[in-house]
1. Would you pick out the residues in the range B:150-185 that are modelled with pLDDT of 85 or more and under 22 Å from B:Ala96 (Cα atoms)?
2. Of the residues B:Arg206, B:Arg193, only one is within 14 Å of chain A (Cβ to nearest Cβ), within 30 Å of A:Glu28 (Cβ to Cβ) and either in a strand (DSSP E or B) or away from the ligand (no atom under 15 Å from the Cβ) (or both); which?
3. Exactly one condition in (1) away from chain B (no Cβ under 11 Å); (2) touching a His at 6+ places or on another chain (Cβ under 9 Å); (3) more than 22 Å from B:Glu43 (Cα to Cα) is false for A:Ile3; which is it?
4. If you check B:Asp133 against the conditions, is it in a helix (DSSP H, G or I) and either within 14 Å of chain A (Cβ to nearest Cβ) or surrounded by 17 or more Cβ atoms within 10 Å (Cβ to Cβ) (or both)?
5. Among the residues of the range A:55-64, write down those that are of a type outside the set (Gly, Ala, Ser), in a loop (DSSP other than H, G, I, E, B) and either away from every other protein chain (no Cβ under 14 Å) or open to solvent by 40 Å² or more (accessible area, probe 1.4 Å) (or both).
6. Looking at this structure, is B:Arg107 open to solvent by less than 60 Å² (accessible area, probe 1.4 Å), of a type in the set (D, E, K, R) and at pLDDT 95 or above?
7. A:Val17 versus (1) open to solvent by less than 90 Å² (accessible area, probe 1.4 Å); (2) more than 10 Å from chain B (Cβ to nearest Cβ); (3) hydrophobic (A, V, I, L, M, F, W, C): which is the lone unmet condition?
8. Could you list, ordered by first residue, the pairs with Cβ atoms under 7 Å in which the first is in the range A:36-54 and within 11 Å of chain B (Cβ to nearest Cβ) and closer than 20 Å to B:Gly335 by Cα and the second is open to solvent by 70 Å² or more (accessible area, probe 1.4 Å) and part of a strand (DSSP E or B), at least 6 apart or interchain?
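The values are calculated or read from the model by the stated rules, or taken from the named source; none is laboratory data. A quick note: this is a predicted structure, and the numbers were derived from the prediction, not measured. Reconstructed Cβ throughout: ideal geometry from the backbone, glycine too, with neighbour counts over all protein chains shown. Only protein heavy atoms, including side chains, enter the accessible area calculation; ligands, DNA and RNA are left aside. Shrake-Rupley method; radii C 1.70, N 1.55, O 1.52, S 1.80 Å.
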Amino acid sequence: MRIHLDRDKCIGSGQCVLAAPEWFDQDEDGIAVVLVESVPEKEWDEVNRAAYTCPALAISLGSE
Amino acid sequence: MDRTPQCPLDLPVELRELAERSPVSRVRIWDGSTAWLITGYAEARAVLTDPRASSDQRLPGYTFAAPQAKAFHTRNRSMPTVDDPEHAYLRRMVTADFSHRKAEALRPVFQRTVDELVDAMLAAGNTADLFADLAVPMSSKAICEVLGVHHSEGERFAALGRIMAVPGSPDAVHSRVVEDMRALLGSLVRQARTEPGDGVIGHLVRAGELPDEEIIATALLVMAAGHGATAHMTTLGTMALLTHPDQLALVRDSRDPAFIANAVEELLRYLSVAHLGRRRVAKEDLEVAGVLIRKGEGIIVATDTANHDPRAFDGDPDALDLHRDARHHLAFGFGVHQCLGQQLSRVLLQVVYGTLYRRIPTLELAIPVDQISYKLDLAIYGVNELPVKW
Ligand code: HEM
């Protein structure tokens with residue numbers, strides 16, 4: 001699974017960092033960044049949750 | 001809508017009945033107008049992420065929660081009351097100060113604050129008003145930290161904050177306090193122009209993009225949005241735990257930060273203190289669950305009811321279950337206006353719940369539950385006081 005993040009949509013809620021701290025962080029301005037784009041299957045739950053709880057719908061998940 | 005006096009933490013019966021019938025209903029509100037009420041979880045998410053559902057309070061059809069809200073917000077045009085792109089511009093100015101990392105960095109400060117307040121409660125005897133003696137001063141201190149208010153001004157700030165947070169302050173007193181607060185923040189902004197410190201005020205001054213008026217408005221917003229909400233979550237959360245002793249024991253005996261964090265999410269969901277709904281107005285026609293909402297019609301998204309939707313939460317959503325996975329709750333709203341202070345609130349609540357019951361294990365209510373008085377008409381659900389003893 002591959003993470004796509006639309007940083008223009010991000011509102012800095014930090015939900016992705018709470019849900020999947022190994023995959024997301026916030027930069028100095030509080031805007032989300034993806035740490036690793038490619039996610040192995042055993043980690044899908046966390047990343048799915050990050051996408052689901054993102055209030056700005058800025059995270060979409062695609063296939064590799 | 002009224003809650004049942006015997007079950008002050010349950011959803012109002014009327015709301016529950018509406019939700020059981022349909023996720024979208026037509027209701028009449030305090031000023032005699034009608035609006036759409038969204039009670040379903042999925043429907044609430046859909047509306048709150050739909051750009052056609054506007055937060056712009058100047059648009060005709062916007063439904064205000066109460067006369068006070070109308071008075072406050074029409075005078076104070078700010079982030080929660082405007083749409084993108086203006087909203088995104090204002091929000092991006094301050095997101096740096098509200099990130100997960102910034103909130104975590106304040107954890108030791110919050111811990112010290114809570115410990116000192118608990119020390120003072122213990123030193124003063126064996127009774128306290130948890131709202132006035134712990135929740136309010138703790139929230140004031142936290143907001144001071146975030147805004148970058150100096151210790152010298154902290155007292156005055158706290159005094160005004162106390163009145164702003166007390167539910168039911170008569171409207172006249174309230175708007176005078178807001179004006180006093182505005183004046184105090186104004187002097188802080190002017191000080192920061194010569195010597196910008198840390199925190200939101202200093203950062204906005206350094207960024208040099210906003211005029212004083214707008215910086216004051218932003219600081220006032222942070223105060224108004226954050227102070228009461230965290231204070232009431234602290235007090236009402238404690239009341240919820242004291243009336244659910246099995247759940248209280250879980251928090252008191254836990255040394256697991258992950259469990260405490262989960263407990264905070266469940267308490268946020270269960271209590272949903274921002275209980276008067278997210279207010280929106282349709283800028284264009286939109287359809288929700290097969291219902292057509294026309295341009296110009298008001299929408300109330302009842303996030304408290306959505307947070308009790310059995311389609312979205314496992315088990316019995318009306319029960320407090322600190323082991324529940326409730327992290328997708330809507331207690332901080334959803335969509336682009338989702339709470340700016342959420343990371344901060346989480347850390348603060350984790351600290352206070354994780355400390356209070358551990359340090360005062362015999363804490364209990366000092367009056368019967370049915371004698372506690374509530375404020376139902378403010379944007380945040382809360383109690384006037386919470387007498388406790390140990
Ligand atoms: C547990 C405590 C809190 C709760 C339950 C809460 C709840 C909420 C909710 C439901 C909204 C969404 C409003 C809407 O969609 O119309 C919101 C927005 C907001 N909150 Fe909080 N809040 C809390 C604490 C705080 C704190 C501590 C701060 C600041 C220090 C804060 C600042 C804000 C701001 C500025 C907004 C507007 C964001 C925007 O429009 O983009 N809140 N809050």
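1. B:Leu185
2. Among B:Arg206, B:Arg193, only B:Arg206 is within 14 Å of chain A (Cβ to nearest Cβ), within 30 Å of A:Glu28 (Cβ to Cβ) and either in a strand (DSSP E or B) or away from the ligand (no atom under 15 Å from the Cβ) (or both).
3. (2)
4. yes
5. A:Leu57, A:Glu64
6. It is false that B:Arg107 is open to solvent by less than 60 Å² (accessible area, probe 1.4 Å), of a type in the set (D, E, K, R) and at pLDDT 95 or above.
7. (2)
8. none
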